[in-house]
Structures are given as structure tokens and as C-alpha cells.
Amino acid sequence: MKKILMLWLILVFTSGCTIEHDAPLDEHMEDGEHIGPMAEMEDHHGVEETPLFAEFEVDKLVAAEVAELRFHITDHQDEPVINLMVHHGRKVHVLIIGEDVATFAHIHPEDFGSGITPEMEAAGAYSVKYTFPQAGTYLVALEVMNPDSTLSKQFMVEVGGDDALDAVVPDMGRIKYFTGVEEQGEDRYVDPYMLSSLQGGIGKGYRVTFDAPQEIKAGEEFTISYRFELGEEEVTDLEPFLDAAMHFVIVRDDLGALLHWHGRPRGMSDQGGEMIHDKVMETSSDGHDEMVEKEDSDMMHLGANVPGAFGPDLEGTFTLEKPGRYQVFGQVNHQGKIIPSWFMIEVEDAE
Ligand SMILES: [Cu+2]
């Protein structure tokens, strides 16, 4: 178990979970026509001793119509994976981001109907429903884990329709107002989050103050911070959302890299209690043994240390491997409302 968990961390911290794909996104597109998953991006996860695999299937996608997104999760012998683990409150996580990087969703098969049934598990077949609000290209990311491996896989889809997603709007604003959405069940919200409808004018909704380092370099760890206020009050009773203080989905504005990770109340250990710092003996370059602080983790600790109420200040620490402009989607839970936020950062080339 430990080994796998370390592997997870190593992947997260060394690769930053960035996934690249070579082909231009529109290479195989035809006019307004959906052609199914356009490209399976290379994935740097789950290629260990007992890897997990995922196939993705959709019917023709049309904006504003309910679509079923189907995933088939198998092991290296092409057998359905029957031992997926609940992590962050769900077994199967699906993230959807539009090419405007201002439309997104964070949904799970458990959010629909009777949830994950034994029949679905026996077949390795999972699905979510989503209404793509506008036409264009979307990134669909799948995340699962079992005791042996983790899988983070990305697919691109093309959605037809007349009303197209806007181009990316660069916005380096650091104080913004966002309207929360009412939870549709515990930590459940299955409709599209759209910046255009959830970013309020000054004084409307939650005032979110974002801070990031002046300079962020590719491959170097950095920390971002958030402050939540409502009216004149600091929000001190934020609650865990899907077993974390805050969820982040960080996407490059060409959809070419994605990182899903979690935040912590300011002043808490990294990742809201997920990280355990252990001292281990290492031999230094000059031959001396010394105690070095190492990061270790146990997925069983996920969320265990997230307090029941926290705020107004939250933080997240990340490494992004590729330069470019990124949209940082955040989600927190406040008294039955999920509060989304969107802030952009620039990652400079490492010298
Ligand atoms: Cu999730």
C-alpha cells in the first residue's frame, strides 16, 4: 500500500499531473460535427505493475442537450476493475472544462440515480450525465484509484450547436465576487458552472481575494492563497467539500495540461492533513548520514484532518511543469452552498 501511495505522490509532485497532447485540438474536427473522443491524451499515471485503463464513449454531442458520458475501466488483463476505492468522497471523479476555461463541471457517477451499483462495478461501466451548455471543444478528465494504482486520464470531445463557447478571456484580477450554488445533495452539483453566470458584480456574492507569487516558474513549487468574505464578514465556517478543504482544477488555457489537487486552511500542514512529514535517514553527498524531512502519505488520511469549520484563509501548493497561462478553478463549501472561483496565473519558462 505504502509503495503505491508514494508513487501517487511522486507522480503528483514530479509531474504535477500535467498531461500533454501533441496534436492541435482541432486537427480532426469537421464543421460543427461531433466525432467522438478526438484524442486520448498521453497519461503519465497508472502505468505501473498493475495499471488501470479507461475507455470513453459518447454519442453525438449537442449543446444544451443532456448527454451520457460512459467510461469503461479495466485492468491490464482487460477485466473490469471491481475494487475502485472511495477517495475524496467518491469512487469515480469526472472533471469537464470548456475551451473558454470558464465553463466547468466536477461530477461523479454517484451523483446520479442509484449511484454505483454492483452491476456497474461488475461490468467496469460507469457513466455521468452532463448538459454541455455551448458548442465547442471540452476536456473530460477521469480520475480513479484502486489499492494498486491510480488513473488520471483525459479525453477531448467536440460539442455541436450554434451557440459556441467564447474565446479565452485573459483576466488577472485578484479580487472577484462569486455567487455560490445550492448543493443538490451532499457535495453534489451536476449542472455546468459558468463564469458568465456565477461571477457577480462588486458586492454581489462572496468576495474572494486571491494571491499568487509575482513569478511562478515551470517545475517549481508555489503556493496560492484565498480569502473568503461575505458582506462585511470574514467567512469562518467553510466546511469540507468532498473530503478536502478546497478542490482545485488547474487547466492551461489551451486545455493542454490539467492538475486536480486540494487546498488546506491556512496554517495547517500541506494538503489539509493528507501530507505526513516523516524524518528519514539519508546519506548526504559528503557521505554523512543525516535526518531529512520527507513527504509521505497514506490515502487513508485523506480528509481526516480537515476541520469541520475553517476560513477565511485557504492555501494550495502546486507544481506545474509547463509554462503558459492557467485557469485555477476552486470549489469550497459554505453552509450547503458550493462556491466556485476562477483566477488566472502565468507560469514562466524555467531557465
Ligand atoms: Cu470529484
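Identification of strands (runs of 3 or more DSSP E) wholly contained in the range 191-301 with 3 or more residues that are modelled with pLDDT of 85 or more yields 206-211, 222-230, 246-252, 258-265.
Scanning the range 226-240 for residues that are buried (at least 16 other Cβ atoms within 10 Å of the Cβ) and either touching a Cys at 6+ places or on another chain (Cβ under 8 Å) or polar (S, T, N, Q) (or both) yields a total of 0. For the range 172-186, a residue qualifies if it is in a loop (DSSP other than H, G, I, E, B) and in contact with a helix residue (DSSP H, G or I) (Cβ under 9 Å, 6 or more places away or on another chain), and the qualifying residues are Thr179, Gly180, Gln184, Gly185.
Kindly evaluate Glu30 against the criterion of being modelled with pLDDT of 95 or more and not polar (S, T, N, Q). Here the answer is no, as Glu30 does not meet what is asked. Flag: Asp162 does not match the condition of being over 27 Å from Arg325 (Cα atoms), within 16 Å of the ligand (Cβ to nearest atom) and surrounded by fewer than 23 Cβ atoms within 10 Å (Cβ to Cβ). Evaluate the following for Val169: is it out of contact with any Phe, Trp or Tyr (no Cβ under 7 Å at 6 or more places or on another chain) and either part of a strand (DSSP E or B) or more than 16 Å from the ligand (Cβ to nearest atom) (or both)? In short, yes.
Taking the numbered list (1) without any contact (Cβ under 8 Å) to a residue 12 or more places away in the chain; (2) touching a Gly at 6+ places or on another chain (Cβ under 9 Å) in turn, Gln77 passes all entries but (2).
Residue pairs whose Cβ atoms lie under 7 Å apart, separated by 6 or more positions or on different chains, with the first residue in the range 86-98 and farther than 18 Å from Phe71 by Cα and the second within 10 Å of the ligand (Cβ to nearest atom), are His88/Leu242; His88/Asp243; His88/Ala244; Gly89/Asp187; Gly89/Leu242; Gly89/Asp243.
The values are calculated or read from the model by the stated rules, or taken from the named source; none is laboratory data. Fair warning: this is a prediction, and the values are worked out from it, not measured in the lab. Please note: Cβ atoms are built from the backbone with ideal geometry, for glycine as well, and neighbour counts cover all protein chains shown.
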